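Notes follow the structure.
The values are calculated or read from the model by the stated rules, or taken from the named source; none is laboratory data. Owing to the predicted nature of the structure, the values given are computational and were not obtained by experimental measurement. Cβ placement follows ideal geometry from the backbone for every residue including glycine, while neighbour counts extend to all protein chains displayed.
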Amino acid sequence: KNEVEQSPQNLTAQEGEFITINCSYSVGISALHWLQQHPGGGIVSLFMLSSGKKKHGRLIATINIQEKHSSLHITASHPRDSAVYICAVIIQGAQKLVFGQGTRLTINP
Amino acid sequence: GAVVSQHPSRVICKSGTSVKIECRSLDFQATTMFWYRQFPKQSLMLMATSNEGSKATYEQGVEKDKFLINHASLTLSTLTVTSAHPEDSSFYICSASLGARWGNQPQHFGDGTRLSIL
(Lines give C-alpha, C1' and ligand atoms only; values in the text may rest on other atoms or scores of the structure.)
Protein backbone atom coordinates (compact mmCIF):
# COMPACT_ATOMS: atom_id res chain seq x y z
CA LYS A 1 0.00 0.00 0.00
CA ASN A 2 1.31 3.43 -0.91
CA GLU A 3 2.15 5.78 1.92
CA VAL A 4 0.22 8.53 0.11
CA GLU A 5 -3.13 7.81 -1.54
CA GLN A 6 -5.10 10.26 -3.63
CA SER A 7 -8.69 10.14 -4.80
CA PRO A 8 -10.12 10.26 -7.30
CA GLN A 9 -7.50 9.20 -9.84
CA ASN A 10 -9.41 10.89 -12.62
CA LEU A 11 -12.00 13.63 -12.43
CA THR A 12 -13.95 15.27 -15.23
CA ALA A 13 -16.22 18.21 -14.49
CA GLN A 14 -17.95 21.11 -16.18
CA GLU A 15 -16.65 24.64 -16.03
CA GLY A 16 -17.82 26.39 -12.90
CA GLU A 17 -18.10 23.30 -10.73
CA PHE A 18 -16.58 23.05 -7.26
CA ILE A 19 -13.76 20.51 -7.26
CA THR A 20 -12.40 18.47 -4.36
CA ILE A 21 -9.33 16.25 -4.49
CA ASN A 22 -8.44 14.15 -1.47
CA CYS A 23 -5.14 12.93 -0.08
CA SER A 24 -4.65 10.44 2.74
CA TYR A 25 -1.33 9.37 4.17
CA SER A 26 -0.33 6.66 6.60
CA VAL A 27 2.85 8.04 8.15
CA GLY A 28 3.86 10.91 10.41
CA ILE A 29 4.71 13.96 8.36
CA SER A 30 6.34 17.32 8.86
CA ALA A 31 4.60 18.97 5.90
CA LEU A 32 2.36 18.28 2.92
CA HIS A 33 2.62 19.76 -0.56
CA TRP A 34 0.01 20.16 -3.26
CA LEU A 35 1.56 20.34 -6.72
CA GLN A 36 0.13 21.01 -10.16
CA GLN A 37 1.61 19.31 -13.21
CA HIS A 38 0.63 20.61 -16.64
CA PRO A 39 0.51 18.46 -19.80
CA GLY A 40 3.99 19.60 -20.80
CA GLY A 41 5.34 18.16 -17.57
CA GLY A 42 6.27 21.29 -15.66
CA ILE A 43 5.35 21.27 -11.98
CA VAL A 44 4.17 24.20 -9.90
CA SER A 45 4.03 24.14 -6.12
CA LEU A 46 0.57 25.30 -5.06
CA PHE A 47 0.67 24.94 -1.29
CA MET A 48 2.82 23.70 1.52
CA LEU A 49 0.84 22.88 4.67
CA SER A 50 1.63 21.62 8.12
CA SER A 51 -1.69 22.55 9.74
CA GLY A 52 -5.01 24.25 9.11
CA LYS A 53 -6.00 25.84 5.86
CA LYS A 54 -4.49 27.98 3.13
CA LYS A 55 -6.16 29.90 0.31
CA HIS A 56 -4.74 31.32 -2.88
CA GLY A 57 -7.20 32.75 -5.36
CA ARG A 58 -9.69 30.02 -6.25
CA LEU A 59 -7.63 27.32 -4.60
CA ILE A 60 -8.06 26.19 -1.01
CA ALA A 61 -6.03 23.52 0.76
CA THR A 62 -6.83 22.01 4.13
CA ILE A 63 -5.10 19.48 6.31
CA ASN A 64 -6.20 17.46 9.32
CA ILE A 65 -3.08 16.11 11.01
CA GLN A 66 -5.01 13.85 13.41
CA GLU A 67 -6.91 12.19 10.59
CA LYS A 68 -3.88 12.18 8.25
CA HIS A 69 -5.93 13.74 5.49
CA SER A 70 -5.72 16.76 3.22
CA SER A 71 -8.03 18.19 0.60
CA LEU A 72 -7.51 20.53 -2.32
CA HIS A 73 -10.54 22.51 -3.43
CA ILE A 74 -10.99 24.54 -6.60
CA THR A 75 -13.90 26.97 -6.71
CA ALA A 76 -15.45 28.15 -9.98
CA SER A 77 -13.34 25.70 -11.97
CA HIS A 78 -12.08 26.68 -15.41
CA PRO A 79 -10.67 24.68 -18.34
CA ARG A 80 -7.23 26.13 -17.60
CA ASP A 81 -7.36 24.26 -14.27
CA SER A 82 -7.07 21.02 -16.23
CA ALA A 83 -3.88 19.36 -15.02
CA VAL A 84 -2.61 16.58 -12.80
CA TYR A 85 -2.72 17.49 -9.12
CA ILE A 86 -0.22 15.73 -6.91
CA CYS A 87 -0.13 15.41 -3.14
CA ALA A 88 3.33 14.91 -1.64
CA VAL A 89 4.43 14.59 1.96
CA ILE A 90 7.67 15.02 3.85
CA ILE A 91 7.90 12.07 6.18
CA GLN A 92 9.10 13.01 9.66
CA GLY A 93 12.83 12.50 9.91
CA ALA A 94 13.24 11.88 6.17
CA GLN A 95 14.74 14.48 3.88
CA LYS A 96 12.58 13.77 0.83
CA LEU A 97 9.14 14.08 -0.69
CA VAL A 98 6.90 11.05 -1.10
CA PHE A 99 4.32 11.48 -3.83
CA GLY A 100 0.77 10.34 -4.35
CA GLN A 101 -0.14 8.92 -7.73
CA GLY A 102 -1.83 12.14 -8.83
CA THR A 103 -5.35 13.14 -9.83
CA ARG A 104 -5.95 13.95 -13.47
CA LEU A 105 -8.48 16.77 -13.61
CA THR A 106 -10.27 17.74 -16.81
CA ILE A 107 -12.57 20.75 -16.84
CA ASN A 108 -14.80 20.95 -19.88
CA PRO A 109 -16.09 24.28 -21.15
CA GLY B 1 9.81 34.22 -6.85
CA ALA B 2 12.30 31.39 -6.79
CA VAL B 3 13.05 29.97 -10.24
CA VAL B 4 14.62 26.66 -11.16
CA SER B 5 15.83 26.30 -14.72
CA GLN B 6 16.32 22.87 -16.25
CA HIS B 7 18.08 22.24 -19.55
CA PRO B 8 17.61 20.73 -22.05
CA SER B 9 13.85 20.35 -22.19
CA ARG B 10 13.98 17.50 -24.66
CA VAL B 11 16.66 15.10 -25.82
CA ILE B 12 16.45 12.45 -28.52
CA CYS B 13 19.58 10.39 -29.01
CA LYS B 14 20.92 7.00 -29.95
CA SER B 15 21.42 4.12 -27.58
CA GLY B 16 24.83 4.23 -25.92
CA THR B 17 25.00 8.01 -25.75
CA SER B 18 25.59 9.79 -22.46
CA VAL B 19 23.23 12.66 -21.73
CA LYS B 20 23.80 15.51 -19.28
CA ILE B 21 20.88 17.41 -17.75
CA GLU B 22 21.43 20.66 -15.87
CA CYS B 23 19.37 22.08 -13.04
CA ARG B 24 20.04 25.65 -11.95
CA SER B 25 18.54 27.75 -9.21
CA LEU B 26 18.47 31.18 -10.82
CA ASP B 27 17.83 33.54 -7.95
CA PHE B 28 18.57 31.58 -4.81
CA GLN B 29 21.14 29.22 -3.37
CA ALA B 30 20.11 25.60 -3.10
CA THR B 31 22.15 23.47 -0.74
CA THR B 32 20.01 20.49 -1.67
CA MET B 33 18.49 19.59 -5.00
CA PHE B 34 16.45 16.55 -5.88
CA TRP B 35 16.26 14.49 -9.07
CA TYR B 36 13.09 12.64 -10.01
CA ARG B 37 12.05 10.34 -12.80
CA GLN B 38 8.52 9.97 -14.09
CA PHE B 39 7.25 7.29 -16.46
CA PRO B 40 4.07 7.91 -18.47
CA LYS B 41 0.94 8.10 -16.35
CA GLN B 42 2.92 7.37 -13.20
CA SER B 43 3.89 9.48 -10.25
CA LEU B 44 7.27 11.05 -9.67
CA MET B 45 9.90 8.79 -8.18
CA LEU B 46 12.83 10.24 -6.30
CA MET B 47 16.11 9.07 -7.79
CA ALA B 48 18.63 10.90 -5.65
CA THR B 49 19.28 13.80 -3.35
CA SER B 50 22.04 16.08 -4.55
CA ASN B 51 24.06 17.83 -1.84
CA GLU B 52 26.38 20.71 -2.67
CA GLY B 53 29.99 19.76 -2.17
CA SER B 54 29.35 16.15 -1.29
CA LYS B 55 28.25 12.88 -2.83
CA ALA B 56 24.65 12.40 -3.82
CA THR B 57 22.38 10.10 -1.85
CA TYR B 58 20.71 7.60 -4.15
CA GLU B 59 17.40 5.85 -3.59
CA GLN B 60 17.27 2.10 -3.48
CA GLY B 61 17.36 0.58 -6.93
CA VAL B 62 18.95 3.58 -8.65
CA GLU B 63 22.35 2.78 -10.12
CA LYS B 64 24.99 5.28 -9.03
CA ASP B 65 27.25 4.51 -11.96
CA LYS B 66 24.40 4.88 -14.42
CA PHE B 67 23.04 8.16 -13.13
CA LEU B 68 25.93 10.42 -12.20
CA ILE B 69 25.06 13.44 -10.11
CA ASN B 70 27.33 16.41 -9.54
CA HIS B 71 26.46 19.40 -7.35
CA ALA B 72 29.53 21.57 -7.73
CA SER B 73 27.97 24.87 -6.67
CA LEU B 74 25.02 26.19 -4.70
CA THR B 75 23.16 26.96 -7.92
CA LEU B 76 23.91 24.02 -10.20
CA SER B 77 23.34 20.29 -10.11
CA THR B 78 23.81 18.00 -13.08
CA LEU B 79 22.48 14.54 -13.83
CA THR B 80 24.34 12.49 -16.42
CA VAL B 81 22.66 9.40 -17.81
CA THR B 82 25.61 7.31 -18.92
CA SER B 83 25.42 4.93 -21.88
CA ALA B 84 21.69 5.49 -22.13
CA HIS B 85 19.42 2.71 -23.36
CA PRO B 86 15.78 2.76 -24.50
CA GLU B 87 14.61 1.74 -21.01
CA ASP B 88 16.11 5.00 -19.68
CA SER B 89 13.63 6.96 -21.77
CA SER B 90 11.60 8.94 -19.28
CA PHE B 91 10.78 12.40 -17.97
CA TYR B 92 13.46 13.68 -15.59
CA ILE B 93 12.76 16.64 -13.33
CA CYS B 94 14.69 18.40 -10.60
CA SER B 95 13.62 20.47 -7.63
CA ALA B 96 15.26 22.73 -5.09
CA SER B 97 14.32 24.82 -2.12
CA LEU B 98 15.66 27.85 -0.34
CA GLY B 99 18.47 27.27 2.07
CA ALA B 100 19.52 24.28 4.09
CA ARG B 101 16.31 23.84 6.12
CA TRP B 102 14.54 22.67 3.04
CA GLY B 103 11.87 20.73 4.93
CA ASN B 104 10.24 24.00 5.97
CA GLN B 105 10.38 25.56 2.53
CA PRO B 106 8.31 25.11 -0.63
CA GLN B 107 9.88 23.05 -3.37
CA HIS B 108 10.58 24.74 -6.70
CA PHE B 109 10.64 22.49 -9.73
CA GLY B 110 12.38 22.72 -13.06
CA ASP B 111 10.32 22.25 -16.22
CA GLY B 112 11.72 18.77 -16.74
CA THR B 113 13.64 17.00 -19.48
CA ARG B 114 11.97 14.49 -21.74
CA LEU B 115 14.60 11.92 -22.70
CA SER B 116 14.00 9.58 -25.62
CA ILE B 117 16.61 6.95 -26.42
CA LEU B 118 16.29 5.34 -29.84
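Side notes on the structure shown:
- Just one of the listed residues (A:GLN36, A:GLN6) is over 17 Å from A:HIS69 (Cα atoms) and part of a strand (DSSP E or B), and it is A:GLN36.
- Restricting region B:33-47 to residues that are touching a Ser or Thr at 6+ places or on another chain (Cβ under 6 Å) and in a strand (DSSP E or B), the residue that is surrounded by the most Cβ atoms within 10 Å (Cβ to Cβ): B:MET33
- Any hit, region A:18-26, residues being under 22 Å from B:SER97 (Cα atoms) and of a type outside the set (Gly, Ala, Ser): no
- Residue selected from region B:48-60 under the condition in contact with a strand residue (DSSP E or B) (Cβ under 9 Å, 6 or more places away or on another chain) and not in a strand (DSSP E or B), by the criterion nearest to the other protein chains (Cβ to nearest Cβ): B:GLU59
- Any hit, region A:21-33, residues being at the interface with chain B (Cβ under 9 Å from one of its Cβ atoms) and not hydroxyl-bearing (Ser, Thr, Tyr): yes
- Region B:54-71 residues that are hydrophobic (A, V, I, L, M, F, W, C), paired with ones that are modelled with pLDDT of 95 or more and surrounded by fewer than 16 Cβ atoms within 10 Å (Cβ to Cβ) (beta carbon under 8 Å, 6 or more apart): B:PHE67/B:THR80; B:PHE67/B:THR82; B:LEU68/B:THR80; B:LEU68/B:THR82; B:ILE69/B:THR80
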